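The values are calculated or read from the model by the stated rules, or taken from the named source; none is laboratory data. Everything quoted here is computed from the prediction, not taken from an experiment. Note that we place each Cβ from the backbone using ideal geometry, even for glycine, and neighbour counts take in every protein chain shown. Keep in mind that these areas ignore ligands, DNA and RNA; they rest on the heavy atoms of the full protein, side chains included. Shrake-Rupley method; radii C 1.70, N 1.55, O 1.52, S 1.80 Å.
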Amino acid sequence: MTLIRTLLSSLALLLCTGLAPGTALASQPAAAAEQAPKKVLRYAFKVAETSFDPAYITDLYSRVIAAGIFDAPLQFEFLAQPTRMRPNTLAAMPEVSDDFRVFTFRLKPGIHFADDPAFKGQKRELTAQDYVYSLKRHYDPRWKSGNLYLLEADKILGLSELRRETIDQKKPFDYDREVEGLRALDRYTFQIRLAEPKPRFLYHFADGSFTGAVAREVVELYGDKVGDHPVGTGPFMVKEWKRSSRIVLARNPNYREVFYDEHPPAGDARLQAIAQRFKGKRLPLLDEVHIAIIEESQPRWLSFLNVEHDMIEEVPGDFAEIALPNNQLAPNLAKQGIQMLRYARPDVALSYFGMENPVVGGYEPHKVALRRAMSLGVDVDREIRLVRRSQAVPAQGPLAPQTWGYDPAFKSTMSEYNVAKAKALLDLHGWVDRNGDGWREQPDGQPLVIEYQTQPDQRSRQLIELWQKNMAAIGIKMDFKTAKWPENLKASRGGKLMMWGVGWLAGQPDADTFLALGYGPNKGQSNHARFDLPAFNRLYEQQRVLPDGPERMQAMQDAARLMVAYMPYKVHVHQIFTDLTQPWVLGYHRNIFVRDFWRYIDVDPTLQRGLRTQDR
């Protein structure tokens, strides 16, 4: 304990004096850099990755990795509140026409991809054509882009037509054909033209896991395996990868000079201190990031307690009462110098009903009644208390906090728990027990069994146990099917599941992403429920072209009410995350729209190594 106190005192002195415990390797003399201890951040994902190809991935955890490898033209400032964008690979913010239809992007010269055999030993500079090519890949049917719906909804001139021609003629996608809506004007300039005004179009270009630049040579070399060989211009590159087990990212030696320069709110003393401490230091601050895949909450929690990991993202609900009594850091953890950060997420935790499924799908009154009754039978408050350990708040609808369009005053029946009303609704529409076995049948007398897909982790088991009890109370029989997350995702995108419980996190500060869950043309992409209601589709399209203001807000609220009324999704909660970090993790913060937060995080390797050798 004496050594621990000494090391913690040293850390406190560093914080008081503003001196950094170490400097990024790239800013040190070569001899000193060779002797400097490596700065490594270790933590765990609770769900396995699927791929690292921006043209394919949709899941959060793959996106986190890809965002650190691939550079989008823009990025969100790390410490800014409210959210602001800034140039990333661009020389300046894009030029936007007054009607929000023409967007011109001008790149900084001298940005290079990480080395790869695809480049045959030559340094490969990032050019405007790389962004043109990367955007076109989302339209190529070969890659089955899960994000195509975002671009098609923005109506880039000529690209959807090129995609349809490719499909109709059953020929390879022609990347060399120039289209009116996406052109490289010169080596460092590209321009996008839209058919309709899109005031928020630029948000797409602040996410490297979606619009990051991919080199054509890399795709052509690795083909269908390109998701296993990510090569970008970002701060990190994949050093080691054991699928669904371990990912090691290392500093990209070709990464350009980028320095820590953040501008937090004047009134936030904590963020101001972080910004001052690291200002001018070259990014990334870390040498490596090691990520383990640990699906079960207990070993993930113990890995942090046993100092095998430097942080734990989202303290598992099973241990929240121990670590966070009354949502405050436990005294025993505080004494060890562990730090806590608590923050709301712009997300929804939901269960969807397959709207094309013959049992739970459909728009007839009796099918709507079934879904609404099941929603009324879900005890969300109990879920929050017992499963989520008070780390969430009930959802009133599909739109999430911290996004434009969310109204905290919006109230609906989404979070209502009323067993009597649920039973009455089922009885009224013919979902009754005809044979006396205690379970309801369908109106035509066929057995009623709800199949719900799930994962093998403890949180998922607890959630389906609650589902089973809730539905048994209203006479509905459930059958649960268990598979790994990537398998469920693949089946879901193919429209093969009756029900599945998932989460959806906004990648930009606008609630459009949640309404996109119900937009008919997005079936098989964001619209896992395959909901397709013309009245909803019209409202969705209307709000997309409107500038932020009362008219758009009204359209979004009307669309949300239709989702509540038809219930393609039972939206349970909005989550609250609490992260814990070891005392040697420095500058920790979470901007929910910056996926690869670790590019801005530092560690003190001396303190890290010293405390890891102690029996805590």
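Remarks
- Charge dipole (debye, nearest 20) of the chain; +1 at Cβ of Lys and Arg, -1 at Cβ of Asp and Glu: 740 debye
- Relative contact order computed over the range 391-540 (Cα-Cα under 8 Å; 6+ residues apart), in percent: 21 percent
- Alpha carbon convex hull of the range 367-444, volume per residue in cubic angstrom: 114 Å³
- Taking a point 7 Å out from the Cα of residue 473 in the direction of its Cβ, none of the residues of the range 483-506 has a backbone N less than 13 Å from it.
- DSSP beta bridges confined to the chain are antiparallel in about 75 percent of cases.
- Label-reachable residues, the range 66-105, where backbone N falls under 15 Å from a point 7 Å from residue 279's Cα toward its Cβ: 79-80
- Accessible-area composition of the range 214-314, carbon plus sulfur, in percent [1.4 Å probe]: 50 percent
- Net charge of neighbours whose Cβ lies under 11 Å from the Cβ of residue 574, counting Lys and Arg as +1 and Asp and Glu as -1: +1
- A straight line joining the Cα centroids of the range 466-496 and the range 324-384 runs 15 Å.
- Within the chain, helix-based [θ] at 222 nm, where runs of 4 or more DSSP H residues each add -39,500 (n - 2.57), nearest 500: -8500 deg cm²/dmol
- Estimated FRET transfer efficiency (residue 187, residue 411; beta-carbon r; R0 45 Å; 0.05): 0.25
- At q = 0.10 Å⁻¹ the log10 of I(q)/I(0) for the range 443-561 amounts to -0.42, computed by Debye summation with a single uniform scatterer per C-alpha, solvent ignored.
- In the context of the full set of protein chains, the range 399-536 has a per residue accessible area of 42 Å² (1.4 Å probe).
- If only the Cβ of Lys and Arg carry +1 and only the Cβ of Asp and Glu carry -1, the dipole of the range 199-298 around its Cα centre is close to 280 debye.
- Take every DSSP beta bridge whose two residues both sit in the range 367-511; close to 10 percent of them are antiparallel.
- Residue among 303, 362, 271 farthest towards the positive dipole end of the range 267-424, charges placed on Cβ: 271
- Between residue 36 and residue 458, the contour length at 0.36 nm per residue exceeds the alpha carbon distance by 147.8 nm.
- Solvent-free Debye scattering, log10 I(q)/I(0), computed from the Cα coordinates of the range 309-419 at q = 0.16, 0.23, 0.24 Å⁻¹: -0.90, -1.30, -1.34
- Available extension along the chain between residue 244 and residue 382 is 46.5 nm, counting 0.36 nm per residue and deducting the alpha carbon span.
- Ranked packing of 425-433, 260-268, 589-597, 512-520, most packed first, by mean Cβ within 10 Å: 512-520, 589-597, 425-433, 260-268
- For the range 57-198, carbon and sulfur atoms together expose 49% of the accessible surface, with a 1.4 angstrom probe and every protein chain in place.
- The distance between label points at residue 92 and residue 606 comes to 4.5 nm (points 7 Å beyond Cα on the Cα→Cβ vector).
- The range 87-246 - accessible surface per residue (Å², probe 1.4 Å): 45 Å²
- Estimated distance in nm for a label pair at residue 487 and residue 257, the labels positioned 7 Å out from Cα along Cα-to-Cβ: 5.2 nm
- Separation of alpha-carbon centers, the range 114-175 and the range 217-232, rounded to whole Å: 13 Å
- Pairs beyond 25 Å (Cα-Cα), from 46/198; 242/490; 170/523: 46/198
- Nearest-20 debye value, the range 216-268 charge dipole, Cβ charges on Lys, Arg, Asp, Glu: 380 debye
- Share of carbon and sulfur in the accessible heavy-atom surface of the range 465-590 [1.4 Å probe, %]: 52 percent
- Spin-label pair residue 446/residue 418, simplified geometry with 7 Å Cα→Cβ offset, distance in nm: 3.0 nm
- Accessible area of residue 140 (1.4 Å probe, protein heavy atoms only, ligands and nucleic acids ignored): about 10 Å².
- P(r), alpha carbons of the range 189-339 - 5 Å bins starting at zero, rounded %: 2, 7, 10, 12, 14, 16, 16, 12, 7, 4, 2, 0
- Proximal aspartates and glutamates to residue 367, defined as alpha-carbon separation beneath 16 angstrom and excluding residues fewer than eight positions away on the same chain: 356, 427, 441, 444, 451, 532
- Residues of type lysines that residue 281 reaches as a straight line, Cα spacing below 17 Å, ignoring anything fewer than 8 places off in the same chain: 38, 39
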